[in-house]
Amino acid sequence: MRALSRAGPVVVFDLDGTLVDSALGIAAALNRLGVAREPVSVDAVRALVSFGAERLVGEALKLPAHEVAGALASFRAVYALDPCTRDDGFPGVFDALSALAASGLALGVCTNKPQGLAEIVIDRLGLSALLPVIVGSAPSRPSKPDAQPLLETIARLAQGDGQAVLVGDSVVDALTAQAAHVPFIYATFGYSAISDAVASDACFDRYADLPPLIEELFSRLPHGA
């Protein structure tokens, strides 16, 4: 991918279902709790990941409401010990991000995963050097689809150009981009189908297609968009 003529555009990525197939590690952690009446499948986790950890734990483990908080705390402790391996990153993700960074784009992550867990996952994937800014959930920060975490990510990455795009796999990501007035690129291999009512500006089926797609999208955006 050739270097862009305008310096400093920003590409922000969702994490779960976009950069990493985190359902593998999540299902393993849920099953290690020994709470579920039957094993939690990876497919069940994929269907719930986009709705937040509380709903994920409650529905995957089929728990009554009063037991969810305790199970969530236990899950997070177990999951943090072994959230993923480098092989859990989606095929081609490292090469695509390397190409984007080499072209002069600033890359970061905006996720509803807790800040510390998000940092551990990015490190395990071997992507820390390529994704220097990670904005995860924190007590003082609203969650997506609120625009604030995305705008914070962009502000921390901005190099003066003002252009930015969000890459994600869910309706939550699409609504976040919409709230922040940022173009949205849909990762079709992720965890959540996008309804016709929620528009994306572009989509891709594999990471090899992402660098030229982003270059083409930025070429169509007005300066400062």
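Structure above, values below:
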read-out	value
Accessible area (Å², per residue) of region 39-109, counting only protein heavy atoms and a probe of 1.4 Å	48
Relative contact order %, the chain, counting alpha carbon pairs below 8 Å whose residues are six or more apart	26
The chain pair-distance distribution - Cα-Cα, 5 Å bins, rounded %	1, 7, 15, 20, 20, 16, 10, 6, 3, 2, 1, 0
Using alpha-carbon coordinates, inclination of helix 65-81 to the longest axis of the chain, degrees	60
Most fluctuating residue given options 208, 106, 174, as computed from a GNM of the chain linking Cα atoms under 10 Å	208
MRE, 222 nm, helices only [DSSP H, n ≥ 4, -39500 (n - 2.57), over the chain, to nearest 500]	-12500 deg cm²/dmol
Proximal charge balance of residue 121 [Cβ under 14 Å; K/R count +1, D/E count -1]	-4
DSSP bridge pairs, the chain: antiparallel proportion in percent, nearest 5	10
Percent carbon-and-sulfur accessible area, region 106-225, ignoring ligands, DNA and RNA, probe 1.4 Å	54
Residue 37-residue 77 FRET efficiency (beta carbon distance; Förster radius 30 Å; 0.05 resolution)	0.90
In degrees, nearest ten, helix 115-124 long axis to first principal axis of the chain (Cα)	80
Mean Cα-pair separation over length for region 108-158, i.e. relative contact order, pairs under 8 Å, 6 or more apart, %	44
Computed P(r) (all Cα pairs; region 56-131; 10 Å bins; percent)	16, 39, 27, 14, 4, 0
Accessible carbon and sulfur surface of region 44-90 relative to its total accessible area, %, 1.4 Å	57
The chain: most fluctuating residue of 168, 25, 108 per GNM, C-alpha cutoff 10 Å	25
Heavy atoms of residue 119 accessible to a 1.4 Å probe, total area in Å² rounded to 10	90
On Cα atoms only, tilt of 148-157 relative to the major axis of the chain in degrees	50
Overall form of region 97-166 per C-alpha gyration tensor (a/c, 1.5; a/b vs b/c)	oblate
Average Cα contact separation per residue, region 1-104, under 8 Å, 6 or more apart, as relative contact order %	40
Cα shape, region 128-215, gyration tensor, a/c 1.5 rule	oblate
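The values are calculated or read from the model by the stated rules, or taken from the named source; none is laboratory data. Values in this document were obtained by computation on a predicted structure and should not be read as measured data. Positions of Cβ are generated from backbone atoms using ideal geometry, with glycine treated the same way; all protein chains shown enter the neighbour counts. With ligands, DNA and RNA removed, areas are computed over all heavy atoms of the protein, side chains included. Shrake-Rupley method; radii C 1.70, N 1.55, O 1.52, S 1.80 Å.
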